[in-house]
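Worksheet for the structure shown next.
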Amino acid sequence: MPYKRISKAVGIVALAALALTACSPAADTAHTDKVSSDPTKIITAYSNEPQNPLLPADTNEDYGSRVIELLFEGLRAYDPEGKPINALAESIETVDAQNWIIKVKRGSRFTNGEEITAKTFIESWNFAALSTNYQSNASFFESIDGYAAVSAVRTTTGTDETTMTVPAPTAQTMSGLVLKDDHTFSVKLSQPEADWSLRLGYSAFFPLPSAAIRDPKTYGENPIGNGPYKFAKEGSWVHDESLSLVRNDAYDGPRKAKNGGVTFKFYTEPGPAYIDLQSDNLDLSDTLPSNALRTYKADFQDRYAAKPVALNATLIIPPYNPNFQGEAGKLRRQALSQAINREEICTIIFNGTCTPAKEFTAPVLDGYTEKIPGNEVLNFDPTRARDLWAQADKIKPYDASRPLQIASNTDGGNKEWVDAVANGFKNNLGIPAETQPFAKFAELLDRRKARSLPGLTRTGWNGDYPSLYNFLGPVWGTGGPANYEKFSYPEFDQLLQEGLRSKETSEANAKFNKAQEVLFRELPGLPLWYTNRPIVWSNNVLSAETGWNGAILYHNVSAK
Amino acid sequence: MIRYLLRRLLQTIPVLIGTTLLVYYMVFALPGDPIAALFRDKQPPQSVIDDLRNQYHLDEPFWIQYGAFLVNLLTLNLGNDFTQQPVASTLARIFPVTAMLAVEALIIQAVFGVTFGLIAGLRRGRVFDSTVLVVSLIVIAIPTFVLGFVFQLVFGVRLGWAKPTVGANADWAALVLPATVLGLASFAYVLRLTRASVIENKKADYVLTASAKGLSGPRLVLTHILRNSMIPVVTYLGANLGSLMGGAVVIEGIFNVPGVGNKLYQAVLRGEGPTVVIIVSVLVLVFVVANLLVDLLYAWLDPRIRYDK
């Protein structure tokens, strides 16, 4: 996931913005009660056109996700700190982390009156995972026994070497999902996974009414859900203009709405939205134009918040660059890391909207620690950096025929900080370094997939669900979906697997942090910082806050 | 007349093919796989990507892609855009908005430009004339987007006379601010054209004759001076309608108008070839038709002009 939008808060993105969450802490409520809040008031919020028809398992970009999160309620929900709590689930039990028994609360209904039972979940999950349904979040079901059969594909190679992958499922349902009675079902995973139940608050696992499975495309235009909000009416989604939700009074879960509804107003650029916020024509935004990062505190006085979110930024060092291979390469990677003044960049360029990284995940996660052995390599120390660089040169001289390039897409305003990092390398290591700009993210992604970037690459990761594993496995694990550079460290993979198989979360987290030690030893990428995402609100709003993943907790916004 | 019209309409066919080919190729040549970019770092299963690539013919070479696009266009099957919305209904939604914006801007610049230009031309060298000349020079010098931001801040935020952005429910009233900014840029040209033309015609033989015969007041000014001064102005206004619609990209961005410009901008960013080309084609058509109308208006303004020969 791109770093750009949250850091510089600009542009179109497609991040998974996951679960919105549960009730706010009591202290917050006390504060807002001083001025009487109007629970029927409809608030307006910044957004843009969702990319797909609104189906939970087919939505993984920001603008669709924020609507899905409000329309649906899953087995679990996340509280603002990212702690999962049971929502539709009465209980989720396991003895061996492989076989799970899930009891669904009785009496929950979709807004069309359809009851939500254990069967609803089995049908919804089978629908999401089956490859002929082309759901983009299908891989979230990969841990479940039988996923391989429903997700099977056939790849054909054309005359001109192009390949085409088409679905070829060998089963229609996952064998790991078994209905026990009306409100109980069991899930068998293909191997034990301690953190599996953490995922159940993610939108891919939301229940679907039968209408959605019958005709997903039509349903996606006017979705019927079971969450704290519902569509104001048929056709509430006015394409390219707005999408209106109203409170679902029948909802009885942990995320009860404190306002009468949310109308998402669509903006192609955050600039006009900022103007609207200043003149109270828009109530709430999590996306500020980059030039407002310097002024938003003054412009909005006490009407802003900036909390750390589950999003980090990293510079990848491609293993195919000869300068960074072998023992000399390892020393050089450390030198680069210590030549970056993270503190200064966060203060001066980001105006405090980021915090220097201490490890590879994010501080909002359970199990996060700043005390991972080896992380002193993240401290700014130009003398030591130069020293390490000199040592490396003794082993194998540095090929400085081309400047060290830092590849970054610039459509999200990354240029300033990338330039600063390049200048840091120039000044502190005495090597030529420069930004390698890409006008579009797509271009950079293509080059990463083709493994043809000569220097460092900017990247970042936004968590899907609040777990250390989600920040480590997909990004650095062998064969991980975002591991485009094909890093592979058997010891790291081994520790991750051990973590997944642990029965206790604390035990699992210890393994995951142990795995991070391997990353610090090898340093395939340089952790840079964690994002604090600023949000601002108008005079019509009393208070607002973001959840663990940086999404605004719309249900918790009280208006006046 | 009919033959002239037909010939002009036939000329639009090569123009359309040329522009679509060029624009389609430019979008095609944009680096990066647009489907992969849709999902950024959260890539879906490969079969989902391949299905989309297949649906939009992205896995085909350029000529097949373009051919498929032309066939779809001719059979009026505009297909879906990357957000799975039918392009036809998108067009039906966005074009009226931008047309409204452009027409409103055109009316603003025509009314103010011609009126001020006429007065300035009639009172050449007086205070009004000099003031108008200086002001119009300043307006020409300021880039449209600067004017846009200033108007938005002053009238939208500080004074609160109008909503600073348009958003949903774009109607004539909501579009006043962006239309004024859009119109102002060419308002100065209309004014200067009218003024120069009026000054020239004031000294024309027929005007001298008319006033020698004792004609004066509104009839002399409107029928003899203004009507004959309108030919260059009408040419300019007609040609301008097309650029007003196309030029709305910047203004629509600043004022968040859900029109052609904003959609085009997003489609370019997403590398959506077909959508970009369809929008551009319609813009080209508007441009061509506007120019045709201007040419036909000549005959009415100046009976000396004849088409069939």
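The values are calculated or read from the model by the stated rules, or taken from the named source; none is laboratory data. Predicted, not measured: the structure shown is a model, and the values here were computed from it. Methodologically, a virtual Cβ is constructed for each residue, glycine included, from the backbone with ideal geometry; neighbour enumeration extends over all protein chains shown. The accessibility values were calculated without ligands, DNA or RNA, using every heavy atom of the protein model including side chains. Shrake-Rupley method; radii C 1.70, N 1.55, O 1.52, S 1.80 Å.
Between a residue in the stretch A:159-186 that is not assigned by TED's automatic domain parsing to the domain that holds A:K119 and any residue that is at pLDDT 90 or above and outside any loop (DSSP other than H, G, I, E, B), which pairs come within a Cβ distance under 8 Å, given they are 6 or more apart or on different chains?
If the second residue must be at pLDDT 90 or above and outside any loop (DSSP other than H, G, I, E, B), no pairs are left.
Of all residues in the stretch A:40-69 being away from chain B (no Cβ under 12 Å) and out of contact with any strand residue (DSSP E or B) (no Cβ under 8 Å at 6 or more places or on another chain), which is most open to solvent (accessible area, probe 1.4 Å)?
Pass one, the stretch A:40-69, residues away from chain B (no Cβ under 12 Å): A:40-43, A:45, A:56, A:66-69.
Subsequent filtering for residues that are out of contact with any strand residue (DSSP E or B) (no Cβ under 8 Å at 6 or more places or on another chain) retains A:40, A:56, A:68-69.
Details: A:T40: 93, A:P56: 3, A:I68: 2, A:E69: 3 Å².
Ranking the candidates gives A:T40 first.
Do the conditions hold for B:D51, that is, is it part of a loop (DSSP other than H, G, I, E, B), open to solvent by 40 Å² or more (accessible area, probe 1.4 Å) and either without any contact (Cβ under 8 Å) to a residue 40 or more places away in the chain or more than 30 Å from A:V475 (Cβ to Cβ) (or both)?
Working: part of a loop (DSSP other than H, G, I, E, B): no; open to solvent by 40 Å² or more (accessible area, probe 1.4 Å): yes; either without any contact (Cβ under 8 Å) to a residue 40 or more places away in the chain or more than 30 Å from A:V475 (Cβ to Cβ) (or both): yes.
So B:D51 fails the test.
Can you tell me which residue in the stretch A:212-256 is farthest from the chain's Cα centre (by Cα), limited to those that are of a type in the set (A, V, I, L, M) and buried (at least 24 other Cβ atoms within 10 Å of the Cβ)?
First pass over the stretch A:212-256, keeping only residues of a type in the set (A, V, I, L, M): A:212-213, A:224, A:232, A:238, A:243, A:245-246, A:250.
Now restrict to residues that are buried (at least 24 other Cβ atoms within 10 Å of the Cβ): A:212, A:243, A:245.
On the way: A:A212: 25, A:L243: 23, A:L245: 24 Å.
The qualifying residue farthest from the chain's Cα centre (by Cα) is A:A212.
Does A:E545 satisfy being surrounded by fewer than 24 Cβ atoms within 10 Å (Cβ to Cβ), under 30 Å from A:F487 (Cα atoms) and among the acidic types (D, E)? Before the answer, list the steps.
On the way: surrounded by fewer than 24 Cβ atoms within 10 Å (Cβ to Cβ): yes; under 30 Å from A:F487 (Cα atoms): no; among the acidic types (D, E): yes.
For A:E545, the condition - surrounded by fewer than 24 Cβ atoms within 10 Å (Cβ to Cβ), under 30 Å from A:F487 (Cα atoms) and among the acidic types (D, E) - is not met.
Out of (1) of a type in the set (K, R); (2) open to solvent by 30 Å² or more (accessible area, probe 1.4 Å); (3) farther than 24 Å from B:R93 by Cβ, the odd one out for A:K265 is which?
(3)
Scan B:L30, B:L38, B:L78 and give me the residue that is within 11 Å of chain A (Cβ to nearest Cβ), in contact (Cβ under 8 Å) with a residue 24 or more places away in the chain and not in a helix (DSSP H, G or I). Step through it out loud before you land on a result.
On the way: B:L38 fails: not in a helix (DSSP H, G or I); B:L78 fails: within 11 Å of chain A (Cβ to nearest Cβ).
Exactly one residue qualifies, and that residue is B:L30.
Would you pick out the residues in the stretch B:248-276 that are under 19 Å from A:P289 (Cα atoms) and either at the interface with chain A (Cβ under 7 Å from one of its Cβ atoms) or open to solvent by less than 10 Å² (accessible area, probe 1.4 Å) (or both)? Can you show your working first?
Initially, the stretch B:248-276 is screened for residues under 19 Å from A:P289 (Cα atoms), giving B:249-257, B:262, B:265-266, B:269.
Those that are under 19 Å from A:P289 (Cα atoms) and either at the interface with chain A (Cβ under 7 Å from one of its Cβ atoms) or open to solvent by less than 10 Å² (accessible area, probe 1.4 Å) (or both): B:I251, B:E252, B:G253, B:I254, B:F255, B:N256, B:V257, B:N262, B:Y265, B:Q266, B:L269.
Quick one: how many residues across the stretch A:121-137 are in contact with a strand residue (DSSP E or B) (Cβ under 8 Å, 6 or more places away or on another chain) and over 27 Å from B:N54 (Cβ atoms)?
Residues flagged as in contact with a strand residue (DSSP E or B) (Cβ under 8 Å, 6 or more places away or on another chain) and over 27 Å from B:N54 (Cβ atoms) within the stretch A:121-137 amount to 2.
Of these, A:S197, A:S203, A:S186, which one is polar (S, T, N, Q), within 14 Å of another protein chain (Cβ to nearest Cβ) and surrounded by 15 or more Cβ atoms within 10 Å (Cβ to Cβ)?
Residue meeting the stated conditions: A:S203.
Going by the conditions given, is B:W172 within 27 Å of the chain's Cα centre (by Cα), free of Cβ contacts under 8 Å to residues at least 24 places away in the same chain and assigned by TED's automatic domain parsing to the domain that holds B:V139?
Values: within 27 Å of the chain's Cα centre (by Cα): yes; free of Cβ contacts under 8 Å to residues at least 24 places away in the same chain: no; assigned by TED's automatic domain parsing to the domain that holds B:V139: yes.
Against the criterion (within 27 Å of the chain's Cα centre (by Cα), free of Cβ contacts under 8 Å to residues at least 24 places away in the same chain and assigned by TED's automatic domain parsing to the domain that holds B:V139), B:W172 does not qualify.
Output the residues belonging to the stretch A:445-459 that are more than 8 Å from chain B (Cβ to nearest Cβ) and open to solvent by less than 20 Å² (accessible area, probe 1.4 Å).
Looking only at the stretch A:445-459, we keep the residues that are more than 8 Å from chain B (Cβ to nearest Cβ), and these are A:447-448, A:450-458.
A:R448, A:L453, A:G455, A:L456, A:T457, A:R458, listed by residue number.
Can we say A:L472 is assigned to a helix (DSSP H, G or I) and touching a residue at least 12 places away in the same chain (Cβ under 8 Å)? Break it down into steps so the answer makes sense when it comes.
Working: assigned to a helix (DSSP H, G or I): yes; touching a residue at least 12 places away in the same chain (Cβ under 8 Å): yes.
When the stated conditions are applied, A:L472 passes them.
Test of understanding: among B:G242, B:G214, B:G183, which residue is away from chain A (no Cβ under 14 Å), free of Cβ contacts under 8 Å to residues at least 12 places away in the same chain and either touching a helix residue (DSSP H, G or I) at 6+ places or on another chain (Cβ under 6 Å) or not in a helix (DSSP H, G or I) (or both)?
On the way: B:G242 fails: free of Cβ contacts under 8 Å to residues at least 12 places away in the same chain; B:G183 fails: free of Cβ contacts under 8 Å to residues at least 12 places away in the same chain.
Answer to the check: B:G214.
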